[in-house]
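Just below is one structure, and these are the notes that go with it.
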Amino acid sequence: MAEQKYPEWVWHNGKIVPWKDATVHVMSHSLQYGSSVFEGIRCYKTPKGGAIFRLAAHMRRFFNSARIYDMPMPFTVEQVSTACHEILIKNGFDQAYIRPCAYRGLGGFGISADCPVGVTVAGWPMAAYLGPDALKKGITACVSSWQRFAPNTIPSGAKAAGNYLSGQLIAREARQRGFGEGIALSTSGLISEGAGENVFLVMDGALHTAPVSASLLNGITRNSIITLARDNGVEVVERDLPREYLYLADEIFMCGTAAEVTPIRAIDNKQVGAGEAGPVTRKLQDLFFGLFDGRTQDKWGWLEML
Ligand code: PMP
């Protein structure tokens, strides 16, 4: 495995500590039972300096995830937001992926034990998540043999560590089969989402994406794309999407904080459109990345300077 270079500092329970000291006990509830919730946020380098993208929306989802799992948060939204800023400044990063995490710590071995909740915020520089050519040339994808979890089993609307067991099955299977990413169907057999990305189809110039009832995470990038599209006269439809539309769409792309806006050039070995990023995908990529170099006006107050 390639040697990983770690950042120097981590924010852990209210203090900034050296990377090696940001630890939990092996018998922590979260390690044994997957009981942690987290966020993934990007900070972009803009002409005016580092800017965190949609921190308030990420904080809202972070605290909502904790609320769903009845995890009492020992810090306020303001404190965790400040920690996101501080950890980047301390490490000297103006371009990074930020990972806040709240976890049930050590405090009993039972499934429903009231373990104390710890909070940590790490940040590290991150390039294109799905590979250097992904944003330009697109990636290949497959429909996973693994479905997403059913509603009323594990809530897909919470960004909880345990959900990513499903994500690991989907992503690892896709890569073992030689695809860039996997897309899962919901238990009703309709399109849900990628292992860590929401999915958009372009058909007759309009954007189509599955509704949150299709066992997916209500992505903040998804919301940004919908907002940018509508603001620029592109029609957006949230609707149930049968699998075969993946083979009929003119364009397909995935989006997420890590994946940003990644075109899909083939799915299940069938070419999508012309086999490259199509015009609507390119337009949305341009509007999205334009937010960070000033070409797209930030009408919504999405950028928060470091
Ligand atoms: N679905 C899943 C399962 C994810 O992990 C992510 C990444 N957080 C997304 C969708 C996209 O969400 P966002 O745009 O908020 O990063």
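The values are calculated or read from the model by the stated rules, or taken from the named source; none is laboratory data. The structure displayed is predicted, hence computed values, not measured ones. No Cβ is skipped: glycine too gets one built from the backbone with ideal geometry, and neighbour counts run over all protein chains shown. In case anyone asks, the SASA skips ligands and DNA or RNA and just uses the protein heavy atoms, side chains included. Shrake-Rupley method; radii C 1.70, N 1.55, O 1.52, S 1.80 Å.
Expected output is a single nm value to one decimal: the length gained when fully extending between Gln176 and Thr23, i.e. 0.36 nm times separation in residues minus the C-alpha distance. What is it?
51.9 nm
If I compute solvent accessible area with a 1.4 Å probe over the protein chains, what percent of it on the chain is carbon and sulfur?
Carbon and sulfur: 52 percent of the exposed surface of the chain.
I'm a student and want to see the number: the projected area of the Cα convex hull of the stretch 191-276, averaged over all directions, in nm².
So the mean shadow area of the Cα hull is 5.2 nm².
What aspartates and glutamates could a cross-link reach from Lys20, if we take a straight Cα to Cα line under 17 Å and drop same-chain neighbours fewer than 8 places away?
Here the aspartates and glutamates satisfying the reach criterion relative to Lys20 are Glu3, Glu8.
Just how much of His208 is accessible, in Å², when a 1.4 Å probe is used and the result is rounded to the nearest 10?
Solvent-accessible area, nearest 10 Å²: 20 Å².
Counting only C-alpha contacts under 8 Å and six or more residues apart, can you give the relative contact order of the chain as a whole percent?
Over the chain, the number comes to 19 percent.
Got a number for the accessible area of Cys101? Probe 1.4 Å, square angstrom, nearest 10.
Cys101 has an accessible surface of roughly 30 Å² with all protein chains in place.
Compute the longest continuous run of the chain that contains no exposed trypsin sites (Lys or Arg not before Pro); treat a site as exposed when its DSSP state is not H, G, I, E or B and it has at most 10 other Cβ atoms within 10 Å.
49-294
Relative to the longest principal axis of the C-alpha atoms of the chain, give the angle of the C-alpha long axis of helix 220-231, reported between 0 and 90° and rounded to the nearest 10°.
40
Could you check what % of the DSSP bridge pairs in the stretch 134-293 are antiparallel, to the nearest 5?
70
For the chain, what is the accessible area per residue in Å², given a 1.4 Å probe and the full set of protein chains?
48
Along each of the three principal axes of the Cα atoms of the chain, give the extent in whole Å, ordering the values from largest to smallest.
Largest first, the chain extends 54, 46, 37 Å along its Cα principal axes.
Can you tell me which of Leu165, Leu287, Leu185 moves the most in a GNM of the chain? Springs connect C-alpha atoms under 10 Å apart.
Maximum fluctuation in the GNM of the chain, among the listed residues, is at Leu165.
Between Asp286, Asp94, Asp70, which gets the highest mean-square fluctuation from a Gaussian network model of the chain, Cα cutoff 10 Å?
Asp70
Just the accessible area for Tyr6, please: 1.4 Å probe, Å², rounded to the nearest 10?
130
In percent, what relative contact order does the stretch 9-124 have, based on Cα pairs under 8 Å that are 6 or more apart in sequence?
Relative contact order here is 36 percent.
Can you list the HN-Hα couplings for the stretch 74-79, worked out from phi with the Karplus curve (6.51, -1.76, 1.60; θ = phi - 60°), rounded to whole Hz and with x for Gly and Pro?
x, 10, 8, 4, 4, 5
Run the helix sum for the chain: -39,500 (n - 2.57) per DSSP H stretch of 4+ residues, divided by residue count, reported at 222 nm to the nearest 500 deg cm²/dmol.
Estimated from H runs of four or more residues: -8000 deg cm²/dmol.
Which pairs, out of Lys48/Lys283; Lys45/Lys159; Lys5/Lys159; Lys90/Lys136; Lys15/Lys45, put more than 30 Å between their alpha-carbon atoms?
Listed pairs above 30 Å: Lys90/Lys136.
Along its three principal axes, how long is the stretch 9-124 when you only count alpha carbons? Whole Å, largest extent first please.
Computed over the Cα atoms, the extents are 51, 30, 19 Å.
At Leu165 and Phe109, where each label point lies 7 Å from the Cα along Cα→Cβ, what is the point-to-point distance in nanometres?
According to this spin-label approximation, the distance is 2.0 nm.
Can you tell me what share of the DSSP beta bridges in the chain is antiparallel? A percent to the nearest 5 is fine.
Rounded to the nearest five, the antiparallel share is 85 percent.
Taking the Cα atoms only, what angle lies between the long axis of helix 279-293 and the longest principal axis of the chain, rounded to 10 degrees?
So the inclination is approximately 30 degrees.
What is the spread of the Cα atoms of the stretch 134-293 along each of their three principal axes, largest first, in whole Å?
38, 30, 29
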